[in-house]
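Below is one structure; the comments refer to it alone.
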Amino acid sequence: MPYLLAIVLSIFTLTGCQSAYYSAMEQVGYHKRDIMVDRVEDAKESQQDAQQEFTSALEALSALTNFDGGELETVYNQINDKYQDSEKAAQDVSDRIAAIEDVSDALFSEWQDELELYTSNSLRRASEQKLKETQRSYNTMLSAMKRAEDKMTPVLNTLRDNTLYLKHNLNASAIGALQGEFTNLEQDIQYAIKQMNAAIAESDKFLDRLNQK
């Protein structure tokens, strides 16, 4: 992002005034559609990051179930770090989705209002049809993102439970208690990753649709 855009972004991120932010960005040639594209790309990246963090946390717990001696405090710290990273990654996904919802409201509202400015009926109808198609694609993408977001919750809950239990039970018996949780966690992570991949695929379809405008 050019230096001027970075300044504008930082100012209006701090003020939290989205309408003023969009107006300011438009003044420097950065329109709502461009912002939407960037935010969808950012959401895709955040979901990919979350997949990596969840997988890394699963690997850490898998190593714990095969623990055959050593310092449990060190193992706990590693698992706790992975949990914290996973939680941050999941929050980033949620934040990215919220940002997409914000700009979509502004973009679609503007598009709808601008239909009234046409003097050509045929061009207005064509633009209105593209708006409806884009909104349908957006709604499909957003639903997929929301499903993926929801599936992160049980993963984080299980990671939190395991981390807390290990924190207060740094002994060999704790490992046995956690082994039963591992299979469920593995299934939850695999399902969450599947949903995130589906959301990423829908994001690509939506971006293709948006770029046709």
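Coordinate-derived values only; no laboratory data. Since the structure is predicted, the reported quantities are computational estimates derived from the model, not experimental observations. Cβ placement follows ideal geometry from the backbone for every residue including glycine, while neighbour counts extend to all protein chains displayed.
Sort through PHE54, PHE108 and tell me the only one that's among the aromatic types (Phe, Trp, Tyr) and over 30 Å from TYR21 (Cα atoms). Write out each step before concluding.
Numbers: PHE108 fails: over 30 Å from TYR21 (Cα atoms).
Answer to the check: PHE54.
Here is a yes/no grid of residues against (1) basic (Lys, Arg); (2) under 30 Å from GLY180 (Cα atoms); (3) not in a helix (DSSP H, G or I):
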site: ASP81; (1), (2), (3): no, yes, no
site: ALA99; (1), (2), (3): no, no, no
site: ASP105; (1), (2), (3): no, no, no
site: PHE108; (1), (2), (3): no, no, no
site: ASP113; (1), (2), (3): no, no, no
site: THR119; (1), (2), (3): no, no, yes
site: THR140; (1), (2), (3): no, no, no
site: LEU156; (1), (2), (3): no, yes, no
site: LEU159; (1), (2), (3): no, yes, no
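Would a scan of the stretch 162-169 turn up a residue that is among the β-branched types (Val, Ile, Thr), out of contact with any strand residue (DSSP E or B) (no Cβ under 8 Å at 6 or more places or on another chain) and surrounded by 15 or more Cβ atoms within 10 Å (Cβ to Cβ)?
So far as the stretch 162-169 goes, yes, one or more of its residues are among the β-branched types (Val, Ile, Thr), out of contact with any strand residue (DSSP E or B) (no Cβ under 8 Å at 6 or more places or on another chain) and surrounded by 15 or more Cβ atoms within 10 Å (Cβ to Cβ).
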### Summary
Restricting attention to the stretch 105-139, the residues that are among the polar types (S, T, N, Q), surrounded by 14 or more Cβ atoms within 10 Å (Cβ to Cβ) and within 13 Å of ARG209 (Cβ to Cβ) number exactly 3
#### Entry: Residues that are surrounded by fewer than 19 Cβ atoms within 10 Å (Cβ to Cβ), over 12 Å from ILE97 (Cα atoms) and in contact (Cβ under 8 Å) with a residue 24 or more places away in the chain, drawn from the stretch 22-50
VAL28, ARG33, VAL37, GLN48, ASP49
## Note on the structure
Going through the stretch 95-140 in order, the residues found to be more than 13 Å from ARG33 (Cβ to Cβ) and among the hydrophobic types (A, V, I, L, M, F, W, C) are ILE97, ALA98, ALA99, LEU115, LEU117, LEU123, ALA126
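Within the stretch 36-92, which residues are farther than 30 Å from ASN211 by Cα and basic (Lys, Arg)? Break it down into steps so the answer makes sense when it comes.
The initial filter retains those residues of the stretch 36-92 that are farther than 30 Å from ASN211 by Cα, namely 53-88.
LYS82, LYS88 - these are the residues of the stretch 36-92 that are farther than 30 Å from ASN211 by Cα and basic (Lys, Arg).
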### Message
Which of the numbered conditions does LEU61 fail, given that it passes all the others? Conditions: (1) without any contact (Cβ under 8 Å) to a residue 40 or more places away in the chain; (2) within 18 Å of HIS168 (Cβ to Cβ); (3) in contact with a helix residue (DSSP H, G or I) (Cβ under 8 Å, 6 or more places away or on another chain).
### Response
(1)
